[in-house]
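The values are calculated or read from the model by the stated rules, or taken from the named source; none is laboratory data. Keep in mind the model is a prediction, meaning the values are calculated, not measured. Don't worry about glycine lacking a Cβ; one is built from the backbone with ideal geometry, like all the others, and counts go over all protein chains shown. Accessible surface is based on the protein model in full, side chains and every heavy atom, while ligands, DNA and RNA are left aside. Shrake-Rupley method; radii C 1.70, N 1.55, O 1.52, S 1.80 Å.
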Amino acid sequence: MKKRLALLLVAGISFSMLVGCTNNAPQTGNQPQGIQEEVKGNLPEGITVEEVEGLTVYTDLKNSPFEDSGLKITLKKGDGGYAKFVKTDLNGAETADYYLFDYENKNFEKYYYVSAMGTAYHYYYDLGNAKVVKVENKEGADVTQSLKDSGRLEGAQATIEKEIEELESYYSTYYKMTIEEAVAQK
């Protein structure tokens, strides 16, 4: 199944390159023309990229740092920029779980859905102070104190720090820059 998907991906990219080459409009190498071909060509196997409404969207079904999942990464570059990592299944269908890096405000948000229990949590992490500052349940109620009281906040903090580290390592390995550098680009 993976081989067929890879062949379809290669065929689709080849076709789009052929269609793209028929454009007779003059282009200079210094002006951005959407996602430039050299960016597409330098991506590792399993990663695709497209531009959607001014956002750069990467889909990676092969190299995710998380077991049995892919990633859809949406970058808004420049002022007010962010990087949102949404877990997908291995076919690219998005799940509810996501991670949002907002370097301008030094915030990180994790949304985690526990399907077995039908619950969900929003974790808010201060990137500057390396600390979970707030946790909300799926209704938006602040449950930070109850997690502290039950001794689960420390475990959540450790998990989030590990996930941030894994995402940063993954991004620098496959995209050759930090997440923060990618967001800061204009």
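Selection within the stretch 106-116: residues that are open to solvent by 60 Å² or more (accessible area, probe 1.4 Å) and in contact with a strand residue (DSSP E or B) (Cβ under 7 Å, 6 or more places away or on another chain). The member of this set that is nearest to Pro65 (Cα to Cα) is Tyr112. Among the criteria (1) in contact with a Gly (Cβ under 9 Å, 6 or more places away or on another chain); (2) of a type in the set (D, E, K, R); (3) farther than 17 Å from Leu167 by Cβ, the one Asp102 does not fulfil is (3). Checked against the criterion of being out of contact with any helix residue (DSSP H, G or I) (no Cβ under 9 Å at 6 or more places or on another chain), open to solvent by 60 Å² or more (accessible area, probe 1.4 Å) and charged (D, E, K, R), the stretch 117-126 has no qualifying residue. Comparison of Tyr123, Tyr170 shows that the only residue that is assigned to a helix (DSSP H, G or I) and either within 25 Å of Leu43 (Cα to Cα) or not hydrophobic (A, V, I, L, M, F, W, C) (or both) is Tyr170. Scanning the stretch 127-142 for residues that are in contact with a helix residue (DSSP H, G or I) (Cβ under 6 Å, 6 or more places away or on another chain) and either open to solvent by 50 Å² or more (accessible area, probe 1.4 Å) or not β-branched (Val, Ile, Thr) (or both) turns up just one, Lys134. Just to be sure I understand the filter: pairs with C-beta atoms under 8 Å, separated by 6 or more residues or on different chains, first member in the stretch 149-167 and farther than 18 Å from Asn137 by Cβ, second member among the charged types (D, E, K, R). Which pairs pass? Once the first residue is farther than 18 Å from Asn137 by Cβ and sits in the stretch 149-167, its partners that are among the charged types (D, E, K, R) give Glu163/Lys110.
Scanning the stretch 73-89 for residues that are out of contact with any strand residue (DSSP E or B) (no Cβ under 6 Å at 6 or more places or on another chain) and at negative phi yields Lys77, Asp79, Gly81, Asp89.
Just wondering, is there one or more residues in the stretch 97-105 that are more than 12 Å from the chain's Cα centre (by Cα) and open to solvent by less than 30 Å² (accessible area, probe 1.4 Å)? No: the stretch 97-105 contains no residue that is more than 12 Å from the chain's Cα centre (by Cα) and open to solvent by less than 30 Å² (accessible area, probe 1.4 Å). Residues that are within 22 Å of Tyr175 (Cβ to Cβ) and either modelled with pLDDT under 95 or part of a strand (DSSP E or B) (or both) occur in the stretch 110-120; there is at least one.
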